[in-house]
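One structure is given below, encoded as structure tokens.
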Amino acid sequence: MEWLTSIRTAIDYMEKHLEEDISAQDVANQVFMSQFFLQRGFSLMTGYGIGEYIRNRRLYRAALDLKNTDDKVIDIALRYCYETPESFAKAFSRFHGASPSQVRDGFPAKVFLPLTIKISVQGGNLMDYKIMSKDSFKVIGFQKEFDAETSYAEIPKFWNEIFSKYMNNVSARKEPSNPCEKAVAENNIGEFGICIDDLGGGKFRYLIAGRYNGGEIPDEMVLHEFPKNDWAVFDCTGPLPAALQNLNTRIFKEWLPANPDYEFSGNANVEWYDSNGKSSDSDYHSAIWIPVKRK
């Protein structure tokens, strides 16, 4: 149950420091966890990003202060870490559907209470996973930095960009016309989507990659090596992206809280895509690899 304890500790920390300028990294530091994994798990379990949760709670607390005190709007804005009354009023109106003065005069505020995390045991479906020890291996691919708060929307755009620039000819089985297309063909780039959390500040690296088989590394690509480690490998069948998204949610909501033997280790996770078949097919095969260690 360590995962649930971490999430609850994170919520308690945020609640106690709403009037301080805290970040998602500060929250992750409190639970001794990678910010990337905490952000992902928190979002999957609660439906909110860490920054979004802090912002919503501050705006609800600000509404209570407007209704229950005579404090000036500028003082309330500064209390909840807004630099100017204008930025506070804009965020407040977007969240509550009314201005600070309207809420003070009686307009009903939007309620956003502290979250309570509970584990729910549902159904009887088995998760198809295995623990595998993998030797060190290298991947090669295209890399881009993403913000944890916006990555779900931005990463598919990165895939579309790379596919249109470098992978169309390879998919059509045409002869590579440049070093990047040659590397794509020789290393099966597109087999992996890899998140690596080693930047801090709410940022992480994402690679559209393949297993490195040697040869030239084009300037547009990077090489990354994973050390020998145990991995929890979760097989997935179904059309993308829904099948993998549902599996990812189950990993954080069901497998991780209830697993008595393993916990996450390392700072990365890997999505594997079968090069055979279409990702829209009902029987498409993919997987999620998570680095783990025994508790």
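The values are calculated or read from the model by the stated rules, or taken from the named source; none is laboratory data. Predicted, not measured: the structure shown is a model, and the values here were computed from it. Neighbour counts are summed over all protein chains in view; Cβ atoms, including those assigned to glycine, are modelled from backbone coordinates with ideal geometry. Ligands, DNA and RNA are stripped out before the accessible areas are found, and what is left, the full protein with its side chains, is counted by its heavy atoms. Shrake-Rupley method; radii C 1.70, N 1.55, O 1.52, S 1.80 Å.
Only Cα pairs under 8 Å and at least 6 apart count here; give the relative contact order of the chain as a rounded whole percent.
Working: 458 pairs, mean separation 57.5, N = 295.
Result for the chain is 19 percent.
For region 1-72, what log10 I(q)/I(0) values come out of the Debye formula at q = 0.13 1/Å, with one point per alpha carbon and no solvent?
Log-scaled intensity ratios, in q order: -0.40.
From zero outward in steps of 5 Å, how is the percent of C-alpha pairs of region 121-223 spread across the bins?
2, 11, 20, 19, 15, 13, 11, 5, 2, 1, 0
For region 180-253, just list the percent of Cα-Cα distances falling in each 5 Å bin from zero outward, please.
3, 11, 18, 20, 20, 17, 8, 2, 0
Please identify, among Lys203, Lys16, Lys253, the residue showing maximal mean-square fluctuation in a Gaussian network model of the chain using a 10 angstrom Cα cutoff.
Of the options given, Lys16 has the highest mean-square fluctuation.
Run the helix sum for the chain: -39,500 (n - 2.57) per DSSP H stretch of 4+ residues, divided by residue count, reported at 222 nm to the nearest 500 deg cm²/dmol. Write out the running numbers ahead of the final one.
On the way: 11 runs with 111 residues, N = 295.
The helix-only estimate for the chain comes to -11000 deg cm²/dmol at 222 nm.
Let me see the pair-distance distribution of region 20-116: every alpha carbon pair, 10 Å bin width, integer percents in order.
16, 44, 28, 12, 1
Could you put Glu145, Glu254 in order of accessible surface area, largest first, with the 1.4 Å probe and the full protein assembly present?
Largest accessible area first, the residues go Glu145, Glu254.
Multiply the residue separation of Arg294 and Glu145 by 0.36 nm, subtract the distance between their alpha-carbon atoms, and state the gained length in nm to one decimal. It would help to have the intermediate numbers written out before the result.
On the way: separation 149, 0.36 × 149 = 53.64 nm, distance 3.04 nm.
This chain segment gains 50.6 nm when fully extended.
If I model region 217-295 as equal point scatterers sitting on the Cα atoms and use the Debye formula, what is log10 I(q)/I(0) at q = 0.13, 0.18, 0.22, 0.25 Å⁻¹?
-0.50, -0.85, -1.04, -1.14
What area, in nm² and to one decimal, does the C-alpha convex hull of region 19-60 cast on average over all directions? Let's see the in-between values first.
On the way: hull surface 11.7 nm².
The Cα convex hull of region 19-60, projected and averaged over all directions, gives 2.9 nm².
Compute the projected area of the convex hull of the Cα atoms of the chain, averaged over all viewing directions, and report it in nm² to one decimal place. Present the calculation step by step, with values, prior to reporting the outcome.
On the way: hull surface 72.3 nm².
Average of the hull's projected areas for the chain equals 18.1 nm².
In nm, to one decimal, how far is the modelled label at Ser23 from the one at Asn168, with both set 7 Å along Cα→Cβ?
Between Ser23 and Asn168, the label points sit 3.9 nm apart.
How long is the gain from Lys228 to Leu113 if the chain were fully straight, where each residue apart is worth 0.36 nm and the alpha carbon distance is subtracted?
Values: separation 115, 0.36 × 115 = 41.40 nm, distance 4.37 nm.
Full-extension gain reported as 37.0 nm.
Can you give me the angle between helix 151-162 and the longest principal axis of the chain, using Cα atoms only, in degrees from 0 to 90, rounded to the nearest 10?
In the chain, helix 151-162 runs at an angle near 30 degrees to the longest axis.
Length gain on complete extension for the stretch Glu2 to Asn56, per 0.36 nm per residue less the alpha carbon to alpha carbon distance? Don't jump to the answer; show the numbers that get you there.
Values: separation 54, 0.36 × 54 = 19.44 nm, distance 2.62 nm.
Full extension of this stretch gives 16.8 nm more.
Ignoring ligands, DNA and RNA, what percent of the accessible area of region 42-197 is carbon or sulfur (1.4 Å)? Write out the running numbers ahead of the final one.
Working: 4340 of 8780 Å².
Carbon with sulfur: 49 percent of the solvent-accessible area.
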